[in-house]
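A short worksheet on the structure shown next.
Values in this text are rule-based calculations from the coordinates and carry no lab data. Computed from a predicted structure; not experimentally measured. Here the Cβ is made from the backbone with ideal geometry for all residues, glycine too, and neighbour counts use every protein chain on show.
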Amino acid sequence: MQELLAFLVRYSHFMLFCILQFFSFYLIINYNQAQKEIFFNTTNTFTGQFQKKYDEVKSSFISRQILDSLSDRIKDLEEEKEIYRMYLQTHVEPVKDSLYTQKYELISAKIIYNSVNTWDNFILIDKGSKDGVQKGMGVITSKGVIGIVRNVSEHYAKIMSLLNSQTRISACLSKSNHFGTITWRGIDPTVTTLIDLPSHAKLAVNDTVVTTQYSQIFPQGINIGRIEKFYFEGGSNFYTVDVKLFEDLSNVQFVMVVKNLYKSEADSLLNQSSL
Amino acid sequence: MSIYIQHIIRGFIILLIQISVFKNLSWDFHGFNYLVVLIYPLIFALLPFQINKVWLVILSFLVGLGVDFFYDSPGVHASALLLMSYTRILIVKWLEPRGGYTVHQNPTLYHQGFQWTMRYMLSLFTIHHLWYFSMLSFTLFYFDQILLHTILSLLVDIPLVFILLFLFNPKY
């Protein structure tokens, strides 16, 4: 200990010199424009190399994440396929029934732009009219509803996501068929609001909210979220329900566009004059 | 009059000349200033041998920082003067005559003679100027220009220092 102290006293001027020299370097780099640029350019050539390596490792992790989500999806589909196979084995239908014909077609797409921090959030996907995407189609993932296609170009489509103040999607409870409209009132990107739900419907927290069978946009029973809170809003005779979304819209990579093969037929019938 | 007050007054006078006269000298040619006169290291070159090393380091940094405020280049002069006054300790040891320095001797022309003073001043000013111009350009890419600047500056500064020493011939 004494030796150490003696050493420190003996070389105190040297250590002081080092400290002050470092401090002047700090001053030179921080308060002189030319030196600052040279310093950061030089260090950037080194840190740039490091950053490149880091990005490589990071992207390999991300692609692993994508693989995980895809394999989950495959597992789900395999299970579904198994159920249908069993169903077909037990029900051999000689008559061609419209119940078993394909009504929806899915177009998978990758998200290339996404926002969740504005009032009117949009998502851009890399499939467009060339791939069969049309205006007004629904967009879903394996977890839940994402939004509705608003504009289509040749290779891209712009989706009005659930987190858009103009979005109106009809939804119902999975328990009963009482239905209302999903809107977004901003602020929280994980919560949407279900309005116009009749007051006699029986609600409970954590009930699942799904798409209705009346919609021509989404298939019946696609998950949206679970009930977080329900209340009557200032004298209204309808419930207002806060719905916690199943899908985290700020972290979506792949979506599926739902193409209703009979939509035009249904629409034309709906729009026909009743006279 | 205490020799410390004498050193302080002389230091302030040299600094005043440096920042009022020599700072404004320039001989620009194609954006290259051929005339950079820096004589303020003389203050620290003339300090007595017995001075506390810690004080020498601290003072040189503060004076360098003061010069930086007038040259608008924070840290550059401070760094150079700091390095110079630290290496002064080593140079004094290196130039020590066989018998050692006597108690009343100072690093001046009066006590040490022309040859010793020349070697002493030349090594101190070379270190200071080389470091100063390196810090100013901050890259070894222009090493030839740093070297040219140093040599041109030394060609003016060393004669200037000796003229001052011959004129005043200080004992302290």
Inter-chain Cβ neighbour average for residues A:9-16, partner chain, 10 Å
4
Set the Förster radius R0 to 45 Å, insert the Cβ-Cβ distance between residue A:78 and residue A:53 as r into 1/(1 + (r/R0)^6), and round the FRET efficiency to 0.05.
0.75
Final fewest-first order of B:28, A:72, B:68 on the 10 Å Cβ neighbour count is B:28, A:72, B:68
Environment charge of residue A:60, counting only residues whose C-beta is closer than 14 Å and scoring Lys/Arg +1, Asp/Glu -1:
+1
Using a 10 Å cut-off on Cβ atoms, rank the peptides B:121-134, A:23-36, B:94-107 from the highest mean neighbour count down.
B:121-134, A:23-36, B:94-107
Using only alpha carbon positions, build the gyration tensor of the range B:66-172, then give the equivalent ellipsoid semi-axes as the square roots of 5 times its eigenvalues, largest first, whole angstrom.
28, 15, 14
Sites matching GluC sites (Glu not before Pro) across the range A:199-275 that sit in DSSP coil, with at most 11 neighbouring C-beta atoms within 10 Å
A:233
Using helices alone, what [θ] at 222 nm do you get for chain A, with -39,500 (n - 2.57) per DSSP H run of 4 or more residues, divided over all residues and rounded to the nearest 500?
-12500 deg cm²/dmol
Excluding residues fewer than 8 places away in the same chain, name every one of the lysines whose C-alpha is closer than 21 Å to that of residue A:202.
A:175, A:229, A:244
Filter the DSSP H helices in chain A by two things, a Kyte-Doolittle mean of at least -0.5 and an axial alpha-carbon span of 18 angstrom or more, and list the hits by number.
A:12-31
Around residue B:3, what is the net charge, scoring Lys/Arg as +1 and Asp/Glu as -1 over all other residues with Cβ under 14 Å from its Cβ?
+2
May I ask you to list the aspartates and glutamates whose Cα is less than 19 Å away from that of residue A:135, ignoring any residue fewer than eight positions away on the same chain?
A:105, A:120, A:126, A:154, A:265, A:267
Averaged over the residues of A:105-114, the number of partner chain Cβ atoms within 10 Å of each residue's own Cβ comes to 0
Kindly provide the helix-only [θ] at 222 nm of chain B, computed as the sum of -39,500 (n - 2.57) over DSSP H runs of four or more divided by all residues, to the nearest 500 deg cm²/dmol?
-23000 deg cm²/dmol
Would you be so kind as to identify which of B:141, B:57, A:224 lies farthest towards the positive end of the dipole of the protein assembly as shown, taking Lys and Arg as +1 and Asp and Glu as -1 on Cβ and the Cα centre as origin?
B:57
Pull out the extension gain between residue A:46 and residue A:113, defined as 0.36 nm times the separation in residues minus the alpha carbon to alpha carbon distance; nm, one decimal.
21.0 nm
Two pseudo-spin positions, 7 Å from Cα along C-beta at residue A:248 and at residue B:116, lie apart in nanometres by 7.7 nm
I want to make sure I understand the PRE zone here: with the label point 7 angstrom from the Cα of residue A:187 toward its beta carbon, which residues in the range A:100-140 have backbone N atoms less than 17 Å away?
A:117-120
Cβ density ranking, 10 Å radius, fewest first, applied to A:119, A:184 yields A:119, A:184
Residue B:25 and residue B:162 label points (each 7 Å along its Cα→Cβ direction) are spaced in nm at 1.6 nm
Neighbour net charge for residue A:70 - beta-carbon separation under 12 angstrom, K R +1, D E -1:
+1
Per-residue mean of other chain beta-carbon atoms within 10 angstrom of the beta-carbon, peptide B:46-58?
3
Give me the extension gain from residue A:220 to residue A:206: residue separation times 0.36 nm, minus the current Cα-Cα distance, reported in nm with one decimal.
3.1 nm
Distance check, please: which entries in A:52/A:158; A:110/A:130; A:103/A:130; A:127/A:259; A:36/B:53; A:75/A:263 exceed 24 angstrom between their Cα atoms?
A:52/A:158; A:36/B:53; A:75/A:263
